[in-house]
Structures are given as C-alpha cells and as structure tokens.
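Scroll down for the structure; my scribbles are underneath it.
The values are calculated or read from the model by the stated rules, or taken from the named source; none is laboratory data. What you are looking at is a predicted structure, and each value in this text was computed from that prediction instead of being measured. Positions of Cβ are backbone-derived with ideal geometry, glycine not excepted, and every protein chain shown enters the neighbour counts. For accessibility, only protein heavy atoms count, side chains too; no ligands or nucleic acids. Shrake-Rupley method; radii C 1.70, N 1.55, O 1.52, S 1.80 Å.
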Amino acid sequence: MTANDSPTGTQPPATYDSAFLKACRREPVPHTPVWFMRQAGRSLPEYRKVREGVPMLESCTRPELATEITLQPVRRLGVDAAVYYSDIVVPLKAIGIDLDIKPGVGPVVEEPIRTRADLARLRDLTPEDVPYVTETIGLLTRELGATPLIGFAGAPFTLASYLVEGGPSRTYENAKAMMYGDPQLWADLLDRLADITTAFLKVQLDAGVSAVQLFDSWAGALAPADYRHSAMPASAKVLDAVAGYGVPRIHFGVGTGELLKLMGEAGADVVGVDWRVPLDEAARRVGPGKALQGNLDPTVLFTDKNTVEAKAQEVLDAAAGLEGHVFNLGHGVMPNTDPDALTRLVEYVHTATAR
C-alpha cells in the first residue's frame, strides 16, 4: 500500500486523514494546514548546532542526523507536515557528478555539462546509490506517526541549469544557449535528468513519503512558449511516472506567475505559488481541479507580529474560495528569520481557519 492510498478493505495509513493530505486532495479540512519550504534549516539554532562542522551534502547522507534535522521544525513550529531533509543536487552527487554546495554560493559543478559527450556522465540512479534515503525515511515515518512526510526532487530544467552553468546563475546564458542553439542536446539532457529525478522520487515513495514536491526553482527564467516546449515535457514525464503511487504531487517554481497554468497541466495535483500573484488570481490562471500552495512573502516575517498576522490574513482571504489550500511561504524560509515568528504564524493560521 502506498503512503496515500486508502484501498477498500485495508486500513489507511495514519497520515491519510491529516489536514495536509486532505487539503492536497481538495477535501474539507479542520484548519488550513501549514508547512514551510526550508523549514528545516539555518533559521533554527538547533539546526546550526547539529550541523556544526558537517558539510551540507554529507549531512544528507547521515540518516540519524537527517532524521533529527527533519523533525526539529515539527517539534518547534507545530507545522502540519515534515519535509525530508535533503537537497535537489543529492541524486547528481550520488551518480558521481563532481559538485559541492559552497556556503554563500550554492551548488557548484566542477565540470559543467556542455557537450553530447558529457551526457555519458549522467548514468542511471539506482536505490543502491542512495541507501541513506531509504534508511532516513524509514526512521522518520516511525517517528512522525500521523504527521505526513513530504519528499522532493529538483525538476529537470532547474537541475540542467545548475549542470550547464556550473552553479547558480542570474542569466542562464549557457543553459539557454544550449536550449536555443542545440535543442536536441537540450531535450536529451532533460530527458536523462527526468529519469534520474523519477528514480530519486521513487526511492522516497517506496520508503513511505506521503507526498512529493517537484522544485522547478528557476523555471521563472523562461517565457511560457519556451517552458511549454523545452522544460514542461521533462517535468510532465516525472510527474506522470509517479502518478501510480496515489500521493499528492506538488509543483513549485519561483517567478512562475506566467507559467502557473502550464505547471498545473504538467501533472501537478497542487500548484505552488510564489508571493507575486495573489492566490485568487493564481486559481484563475491554473484553472479548476487543482489545490494551491502558498504564498506569504518570506520577508514579511521580519516585521512585527501584527503585520505578519495582517499579511497572513490577506493570503487566507485570497484563498477563501479555493478548492484546496496549503499555507506556505512564497519561497523558502530565509536564514535570519526568527523561529518564534514562524511558530506564531502557524498558530495564527490554525486559529484563524479553525472550522
């Protein structure tokens, strides 16, 4: 039985009736569920303590450490879901790509993927490449009980952007040059990454996660026509490949206001929305049949309690007519965020939306 199935004649998993999964399925909820992207991370002093002296990618491969980091925000913040502590470049590292996450910079690839010959370096991912994923999720699902665990992976376009650029970029000049100048190589690269991403998600799903999120963090760099032609097919391949697990599939990108309908069409059950588009307008763009996730501006958390509550209420008001709503930030928790502000925000949303 998969993490979100409720087949006839069998006992559904403890997470099935959670507010988070109900909202993802667009069912009535006792309150609007809340979780935060990057909720396990640098804003928590307990995270900084346990991560001290441990490189980011190494911390992802230590099951007990990754379990503790995943559980920390659930204990402190009272969120409705945990998100598996990992990174979108973990599967690339696992298949032998020479990369590292450099503090203050992000993922840096030693030898970027620029030619057809380079594709050979992107071999298939197997469960044996990431045994720590299975072990960590096993530990987590036992600890979390009725609290859902969200798995995730990077979408092919975003992974390709890192691989071709060699690291973070504001212009994506190398990636876009390949996309426009050698469309077949680009398509083959994204197709290969779709298979790697699918394998990484299936390891998480087989281990027991309750939902998955596909992060296409940099898809907002694309015009809609380019997204439809040069990025969406690979994301759709991933989302379709995991559809049989019966768990909610969330699709999120930054700066994707013009792409929301397409991101939903790619196969998402829940479309993540950043802070740039109000949720009622986002719902109009996405169309019926999808839940939405979002979308408080993360910088609001640096203001006072009354302002945070007022801005959160604006999000809730915009979401009032939605088929399903998962409250989140419009992007990840920023490192200097006061954890107490996050705790108060969770309490406010729960109280304000109690049915």
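What's the carbon and sulfur percent of region 36-108's accessible surface, probe 1.4 angstrom, rounded to a whole number? Result for region 36-108: 50 percent of the exposed heavy-atom area is carbon or sulfur.
One quarter of the surface of the convex hull around the alpha-carbon atoms of region 110-222 equals 7.7 nm², the direction-averaged projected area.
Here region 67-124 was treated as a single set of alpha-carbon atoms; its pair distances binned every 5 Å from 0 give 4, 15, 19, 16, 14, 13, 9, 7, 4, 1 percent.
Amide H contacts for Lys102 (H built 1.01 Å from N in the peptide plane; partners 5 or more residues away or on another chain; cut-off under 5 Å): Val108.
Placing +1 on each Lys and Arg Cβ and -1 on each Asp and Glu Cβ, with no other charges, gives the chain a dipole about its Cα centre of roughly 320 debye.
A 27 angstrom limit on the alpha carbon distance is what I want to check against. Which of Lys49/Lys311; Lys49/Lys102; Lys176/Lys311; Lys49/Lys202; Lys102/Lys176; Lys93/Lys202 exceed it? Provide the component values of the computation, followed by the final result.
Working: Lys49/Lys311 32 Å; Lys49/Lys102 19 Å; Lys176/Lys311 36 Å; Lys49/Lys202 31 Å; Lys102/Lys176 24 Å; Lys93/Lys202 17 Å.
Over 27 Å Cα-Cα: Lys49/Lys311; Lys176/Lys311; Lys49/Lys202.
Considering only Val315, Phe302, Pro278, the residue lying farthest towards the positive end of the dipole of region 265-348 is Pro278, judged by Cα position with unit charges set on Cβ. The heavy atoms of Thr351 present about 110 square angstrom of accessible area, all protein chains included, probe 1.4 Å. Label point of Arg355 set 7 angstrom out along Cα-Cβ; within region 307-328, amide nitrogens under 19 Å from it belong to 316-328.
Here the 3J(HN,Hα) profile of region 290-300, calculated from phi with Karplus coefficients 6.51, -1.76 and 1.60 at θ = phi - 60°, is 10, 7, 10, 10, x, 7, 6, 4, x, 6, 4 Hz, Gly and Pro shown as x.
If you bin all the Cα-Cα distances of region 285-330 at 5 Å, starting from zero, the percentages per bin are 5, 22, 29, 21, 12, 7, 3, 0.
In Å, what Kirkwood hydrodynamic radius results for the chain from the alpha-carbon pair distances? Computed over Cα pairs of the chain, the Kirkwood hydrodynamic radius comes out at 20.4 Å.
When the Cα positions of Ala177, Val90, Gly78 are compared along the charge dipole of region 64-192, Gly78 comes out farthest toward the positive end, with charges on each C-beta of Lys, Arg, Asp and Glu. The modelled label-to-label distance between Ala243 and Arg170, using points 7 Å beyond Cα along the C-beta direction, is 4.0 nm.
Sequentially through region 135-140, phi angles give Karplus couplings (6.51, -1.76, 1.60; θ = phi - 60°) of 5, 5, 5, x, 4, 5 Hz, Gly and Pro residues having no value and appearing as x.
Simple point charges give the picture: +1 on the Cβ of Lys and Arg, -1 on the Cβ of Asp and Glu, and for region 1-151 a dipole about the Cα centre of about 480 debye.
Residues whose amide H falls under 5 Å from that of Phe152, counting only those 5 or more places apart or on a different chain, are Gln213, with hydrogens built in the peptide plane. Beyond 17 Å, what percent of the Cα pairs of region 114-169 remain? Summing the P(r) of region 114-169 above 17 Å gives 59 percent of all pairs.
Would you mind getting the accessible area per residue of the chain, heavy atoms of the protein chains only, 1.4 Å probe, in Å²?
Ligands and nucleic acids excluded, the result is 40 Å² per residue.
Could you please tell me the mean projected area of the C-alpha convex hull for region 216-355, averaged over all directions and given in square nanometres to one decimal? Let's see the in-between values first.
Numbers: hull surface 35.3 nm².
Computing the convex hull of the Cα atoms and averaging its projections yields 8.8 nm².
Dividing the summed helix terms, -39500 (n - 2.57) for each DSSP H run of n ≥ 4, by the number of residues in the chain produces a 222 nm estimate of -13000 deg cm²/dmol to the nearest 500.
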